Amino acid sequence: MKHFMKMVVQVWLYFYCICLWRCFKFIVRKLTGRCELQRICYKNKPGAGRTLKLESSLKSSKSKLLQSAVAVHPEAIEKTIEDILTLKKVNVDTNPQLAVSLQACLLQIVGYRNLTVEVEKLRREAYDSDNPQHEEMLLTLWKMLKPGVPLEARVSKQWCEIGFQGDDPKTDFRGMGLLGLYNLAKISKMEWEMKKFDKAIGYSFAIVGINITDLAYNLLISGALKTHLYNVAPEAPSLHHFQQTFCFLMHEFHKFWIEEDPVDIMEFNRVRNKFHKRILKQLQKTDMALCPHFAASESLVNV
């Protein structure tokens with residue numbers, strides 16, 4: 001009984017707070033002459049601070065139109081904005097900047113949503129050794145990292161030289177699917193030669209690249225990357241932005257590994273988890289951009 005009463009009180013407080021908040025917004029609109037969307041767009045500069053507030057406002061709205069705005073097709077954004085301005089009774093002639101700001105924010109919100117779908121599709125697509133395109137991409141990776149060194153056989157111990165765990169790399173792609181291969185293909189030959197990953201610091205390039213792909217994937221799916229992507233992508237975040245972020249994370253993890261100076265590879269999970277927490281803490285800042293001018297974007301290798 002006591003537990004039931006506690007639950008009833010919590011539910012009552014929840015709805016009371018919602019009603020109170022809506023009354024507050026109504027009063028503020030009457031006093032300022034601006035709806036909540038206008039106040040968010042006019043008081044916040046472009047970037048994550050503005051887009052995150054707008055996204056939260058749309059999702060928590062009692063209007064079905066506003067709720068669905070965060071999931072519309074990119075081609076429907078302009079029409080959606082027109083409908084929102086009509087619903088909110090905003091005069092476009094006297095508020096021309098509102099439509100521009102709404103469009104920029106919705107492009108980011110919808111773009112992030114579509115990016116998660118695209119990345120998830122790549123992750124779910126298993127590496128298929130019978131697929132010529134998959135095989136070509138894998139062999140291109142070998143040639144890029146081991147120029148002038150012929151691969152003696154498709155299944156070979158040589159794959160361990162670039163950090164795979166066994167004779168056939170396809171087994172290492174089980175968790176991240178093609179996403180892991182796509183990201184590895186974006187690390188430039190120069191980065192490989194400069195760092196000498198395997199010999200210099202005791203961890204394997206390929207398998208760590210797949211692990212960092214998993215980290216980047218989880219940051220994206222959880223929504224933690226919104227702060228970064230909303231700050232670096234003026235419009236819709238794309239796969240390019242995600243892969244650029246992966247390259248940055250590889251750079252930062254390399255430095256972090258050296259700072260931690262682990263005894264051996266058995267400490268990899270500890271170092272990775274600590275690194276993950278550091279990145280999450282950075283992303284809690286709304287003005288955070290992990291790699292606004294990251295040099296790796298200039299040396300991406302298209303496979």
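Here are a few things to note about the model shown:
- With only Cα atoms counted, segment 94-149 has Rg and Dmax values of 20.4, 66 Å.
- Hydrodynamic estimate: the Kirkwood radius of segment 107-183 over Cα pairs, inserted into Stokes-Einstein at 10 °C and 1.306 mPa s, corresponds to D of 116 µm²/s.
- With K and R counted +1 and D and E -1, the other residues having a Cβ less than 10 Å from that of S156 yield a net charge of -2.
- Highest to lowest packing among 175-187, 51-63, scored as the average C-beta count within 10 Å: 175-187, 51-63
- Per-residue ³J(HN,Hα) for segment 60-69, Karplus 6.51 cos²θ - 1.76 cosθ + 1.60, θ = phi - 60°, Hz, x for Gly and Pro: 8, 5, 7, 7, 5, 4, 5, 4, 7, 4
- Greater than 18 Å apart at Cα, pairs in K64/K88; K226/K277; K170/K255; K53/K274; K59/K88: K170/K255; K53/K274
- Each residue of segment 161-170 was assigned a 3J(HN,Hα) from its phi angle through the Karplus curve 6.51 cos²θ - 1.76 cosθ + 1.60 (θ = phi - 60°); the sequence is 5, 10, x, 7, 7, x, 6, 10, x, 4 Hz, with glycine and proline shown as x.
- Phi angles of segment 100-107 translate, via the Karplus equation with coefficients 6.51, -1.76, 1.60 and θ = phi - 60°, into HN-Hα couplings of 5, 5, 4, 5, 4, 5, 5, 4 Hz per residue; Gly and Pro are given as x.
- Protein-only accessible surface order, largest first, of K45, K146 at 1.4 Å: K45, K146
The values are calculated or read from the model by the stated rules, or taken from the named source; none is laboratory data. As the structure is a computational prediction, the values presented were derived from the model and not from experiment. Note that each Cβ is placed from the backbone with ideal geometry, even for glycine, and that neighbours are counted across all protein chains shown. The area values use the complete protein model at the heavy-atom level, side chains included, leaving out ligands, DNA and RNA. Shrake-Rupley method; radii C 1.70, N 1.55, O 1.52, S 1.80 Å.
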